[in-house]
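Remarks on the structure that follows.
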Amino acid sequence: MAEKVTHPTKPPREKAFLVGVSLRSRPQLLPPEESLRELARLAETAGLEVVGEAIQRLDRPYPKTFIGPGKLEEVKALVEELEANVVLFDDELSPRHLRELENYFGDKVRVLDRTALILDIFAQHAHTREGALQVELAQYEYRLPRLTRAWTHLARQTGGGGGRAGRMGGVGLRGPGERQLEVDRREIRRRMAQLRAELEKVRAHRQRYRARRRRNRLPVVALVGYTNAGKSTLLNRLTDAGVYVADQLFATLDPTTRRVELPGGHLALFTDTVGFIQKLPTALVAAFRATLEEITEADLLLHVIDITHPHASAQAEAVLKTLHEIGADHIPVLTVLNKIDLLPSPEEAKKALEAFPDAVAISALRGIGIPELLKAVSDKLYATYTPVTVELPYSEGGLIALFHEMGQVESIQHHRGGVRITGRLPGRLLARYAPFIVKDEQPRTSHSLAE
C-alpha cells in the first residue's frame, strides 16, 4: 500500500475588522467609504482577510478611545461575532488611543492603525539593503512612543525582515516591568542612531552618484504617482527594466533607474520611485529621505495617474501634496493619464483629458501613446525654454557657466555678491536653478526652440 503523502498547509489568514472615522474638523481627500476600500486593499496586500467594517462621523476624535463609547461597544460585538483577531483603524492612533484600545479589546485581539499596516507592507516589499534600513528606522520611529510592557524585548524580536507579529506591533513577550521597558527604549534608540548613520552613508553615496550624472549632463526624469498607478509598468514598457509589477499597493519600493532614448537622439535617465498614498506616514517620509531625494533632484517629474480610478483627481491631489511636503513642487511636471485602454468609450477619454489639460494619455500595458509621451518629455527637457531671472552668487560659478552654455542670456548684471542673469533656460535645467530664481520677476510664459 502506497504511503500517503502529506503537504504542509498554510496557516489561516488573520481576520481584520476595519474602523473608519470621518472627522468634520479634518477634511479628507477621499470619502470615508473610499478610504476604507483603500484600507481593505492594504490589508489584503499585508495578508489579512477583511471580514467587516464600521464608520463613525465625529467632530473630533474622543480623547481616550478615538471613537465614541457606543461605537466601541458595537465594534467589539461585531469583532466577537465575526471572530476577527485584528481591529484596524484607518487613521494613525496616538500612543494613548492605542493603549486604551488594546486594554479594551484584550490580549486576543490586536489593534493596528493605517501607519502600522503600511510599515508592515513596506517591510514585506523592501528587497534591497537600503530599503530594509529605511523601513526598520520608520518602524522604530513609530513604535518608540507607543512602547508598553506588552512590547518588551521588541528590539530583539524585530527588524526589516521580522515576522508580522513583530513588524506590526503585535502583543509580544510580557516583560518584568518598567525596568525592562527602559532597557528596550535604550536599545531601540541605540539601533535608531545606528540606522541613521548607515542611511547617511547611503545618502552620501547617492549624492556622489547624482553629481556624476550631472557632470555627464544626462537629465533625470522621475516617475511619481499614487501607488498602483502603473509607474513600474511604464518603466518596463520604456526600457525593458524587468521591474516587478503586481496589481497590489506598494508592489515595488526600491528605486530603479534606466537610460531611455528620446526623439532627436537625446538621452535621459528615468527613475521609478515609491508610490504615494493619502495619509502617508510621516515617519516613512523621513526614513525614505535618501530615496525621495531622487525625486527632489530630478529635472522633470512624470506624474502618472490611473485615469480609470473613480477618485483619480483626489489621488492626484494627494501626490501633489506629498511633493510639496518633500520640497519637490518646484520641479516641472508632465501629467500622464495611464490605463486609457480600460476606459469604456472614447468620450470618457476625452472627458479625462479635459479634466487634466496638457496631459498625455497612454496605456503603459498596451503601449498606446508611448511615442507621444516620449516626444512630450523631449520637448519639456530640450525644446521648451522658460524665461527666468536668477540671482547667482559667485560661488556658483558652475551654474553661471551652465546658463551661458545651455541657456539664452538676455541681460547680465554684476554686483558685489554675485550676478543677476535674465534669459531663458531649457526645462531640464530649471530644477537646478530653483533656489536662485527671482520669483516676482519670472514671466509666466514659455517658448519653444522653434520660436
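Each value in this text was obtained by applying a stated rule to the coordinates, not by laboratory testing. Just so we're clear, the structure is a prediction, and the values are computed from it rather than from any experiment. Using ideal geometry, Cβ is built from the backbone for each residue, glycine included, and neighbour counts are taken over all protein chains shown.
For region 15-108, compute Rh as the Kirkwood radius over C-alpha pairs and then the Stokes-Einstein diffusion coefficient at 10 °C and 1.306 mPa s; write the answer in µm²/s, rounded to an integer.
Estimated via Stokes-Einstein, D reaches 117 µm²/s.
Using +1 on the beta carbon of Lys and Arg, -1 on that of Asp and Glu, and nothing else charged, what's the dipole of region 384-448 about the Cα centre, debye to 20?
120
What pairs from LYS279/LYS321; LYS339/LYS380; LYS15/LYS108 go past 19 Å between their alpha carbons?
LYS339/LYS380
Sequence-distant or interchain residues sharing an amide H contact under 5 Å with VAL21, placed H: which?
Result for VAL21 returns GLN56, ASP90.
Positive end of the dipole of region 303-348, charges at C-beta (+1 Lys, Arg; -1 Asp, Glu), about the Cα centre: which of ILE307, ILE340, ILE326 has its Cα farthest in that direction?
Selected residue: ILE326.
Any idea what diffusion coefficient region 316-399 gets from Stokes-Einstein, in µm²/s, Kirkwood Rh on alpha carbon pairs, 10 °C, 1.306 mPa s? Write down the numbers at each step before the final one.
Working: Rh = 15.6 Å.
Answer from the Stokes-Einstein relation: 102 µm²/s.
Please list 327-335, 75-83, 131-139, 272-280 highest first by mean number of surrounding beta-carbon atoms within 10 Å per residue.
Per-residue mean Cβ counts within 10 Å order the peptides as 131-139, 272-280, 327-335, 75-83.
Could you work out the relative contact order of region 384-448, using alpha carbon pairs under 8 angstrom and six or more residues apart, expressed as a whole percent?
Reported as a whole number, the value is 51 percent.
Dividing the convex hull volume of the alpha carbon atoms of region 384-448 by its residue count, what do you get in Å³ per residue?
Enclosed volume per residue, from the Cα hull, is 78 Å³.
Over all Cα pairs of region 271-346, how is the pair count split among 10 Å bins, expressed in % and running from 0 up to the last occupied bin?
The percentages, shortest bin first, are 17, 49, 26, 7, 0.
If you keep only loop residues by DSSP, which chymotrypsin sites (Phe, Trp or Tyr not before Pro) in region 318-413 have at most 16 other Cβ atoms within 10 Å of their Cβ?
Working: sites: TYR382, TYR385, TYR394, PHE403; in loops: TYR394.
Taking region 318-413 and a limit of 16 other Cβ atoms within 10 Å, the loop chymotrypsin sites (Phe, Trp or Tyr not before Pro) found are TYR394.
Please report the Cα spread of region 294-451 along all three principal axes, rounded to whole Å, starting with the longest.
Its Cα atoms span 62, 35, 25 Å along the three principal axes.
Counting only Cα atoms, I'd like the Rg/Rh figure for region 78-135, Kirkwood definition for Rh.
Ratio value, two decimals: 1.09.
Which aspartates and glutamates have a Cα less than 20 Å from the Cα of LYS375, not counting those fewer than 8 places away in the same chain?
ASP240, GLU261, ASP272, ASP299, ASP358, GLU451
May I ask you to order 299-309, 104-114 by the average number of other C-beta atoms within 10 Å around their residues, highest value first?
Working: 299-309: 22.7, 104-114: 18.5.
Going from most to least packed, we get 299-309, 104-114.
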